[in-house]
Amino acid sequence: MTKLARYIGIYAALWKNSVTREMIFKTNFILWIVVELLWFALQLCFVSVVYMHTDSIGTWTKWQVVMLIGASHFIQQIFQAFFLINCANLSELVRTGKLDFLLLLPVNTRFVVSLRQVDLGSFVNAATALVVMLYAAHQMQLTPTLAQLLGFGVLCVVGILIHYSLMFMLATISFWTVRAQGIVWAYYNLFQIARLPDEAFRGLFKIAFTFAVPMLLVSNVPVRLLINTLTGPKLLLLLCAAAFCWLISSLVWRISVRHYTSASS
């Protein structure tokens with residue numbers, strides 16, 4: 001308990017620094033929220049255009065897809081709030097040698113590297129995504145049970161864990177190449193696949209983004225739970241993917257730190 005309280009105190013200090021930094025650049029904070037909201041609105045408009053020409057995508061109706069896009073945006077924004085900037089900055093810590101100082105701190109290095117900064121604006125965008133999901137549920141006359149809502153929350157956390165594990169693992173390439181931000185942001189662009197119904201894909205593409213890079217599980221599985229179309233195999237696949245990604249990222253991180261020779265070498 002003492003160790004847990006210590007880490008909570010450290011994280012609270014990191015939050016305080018993040019709030020101070022955001023308040024210094026208020027205009028940037030507001031503009032970034034506006035840009036994300038406009039992008040989210042474009043995604044919803046795209047759905048409206050698609051459903052002007054069809055009644056369903058596989059078994060997915062219009063409002064189910066709207067809920068899927070809302071859930072995907074929610075997961076993306078929560079991930080962005082906690083982890084995105086930190087994963088992207090790992091290569092800079094390696095290049096500049098600042099990682100040396102973090103390794104010397106009497107705390108878990110991965111904890112500090114992964115959670116140094118918090119993107120507060122993403123919480124606003126995540127709240128907007130929840131509003132869209134509520135509206136979609138109203139249009140479908142869908143009333144999830146408390147168990148479904150709790151399950152949805154847990155599965156969203158599992159999805160975020162998958163995103164974090166994969167992006168962090170890609171960021172550790174910087175221990176060998178010094179710069180890996182291009183690879184990290186390339187993975188971030190794959191988030192757009194998670195917004196689409198899994199039944200829209202076939203063949204090798206579907207296999208790759210279900211098993212190799214499980215983008216089609218991250219958002220589809222939580223939403224399927226809410227709309228009562230979730231099957232046991234899909235749920236098990238998501239949980240196994242999260243456990244596997246976490247274990248591999250932990251292994252790669254340990255190997256990378258051993259390979260690190262510091263900025264002075």
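All of the numbers you see were taken from the coordinates with simple rules; none came from a lab. From a predicted model like this one, the values you see are computed outputs, not experimental measurements. Methodologically, a virtual Cβ is constructed for each residue, glycine included, from the backbone with ideal geometry; neighbour enumeration extends over all protein chains shown.
Assorted remarks:
- Inter-probe distance in nm under a simple model that places probes 7 Å from Cα toward Cβ, at residue 39 and residue 111: 3.1 nm
- Counting beta carbons within 10 Å around each of 32, 176 and listing the fewest first gives the order 176, 32.
- For residue 30 and residue 101, the FRET efficiency from 1/(1 + (r/R0)^6), where r spans their Cβ atoms and R0 equals 41 Å, is about 0.80.
- Prolate/oblate/rounded label for segment 107-159 (Cα gyration tensor, a/c 1.5): oblate
- Here the sum of -39500 (n - 2.57) over DSSP H runs of 4 or more residues, divided by the residues of the chain, equals -23500 deg cm²/dmol at 222 nm, to the nearest 500.
- Relative to the longest principal axis of the Cα atoms of the chain, the long axis of helix 85-96 makes an angle of roughly 30 degrees.
- Check: segment 117-262 dipole with +1 on Lys, Arg Cβ and -1 on Asp, Glu Cβ, in debye: 300 debye
- Rough spin-label spacing in nm, given labels placed 7 Å along Cα→Cβ, for residue 21 and residue 2: 3.1 nm
- Options 174, 34, 213, ranked by Cα towards positive dipole end of the chain, top entry (Cβ charges): 174
- Full extension of the segment from residue 255 to residue 186, taken as 0.36 nm per residue of separation minus the current Cα-Cα distance, would add 22.5 nm.
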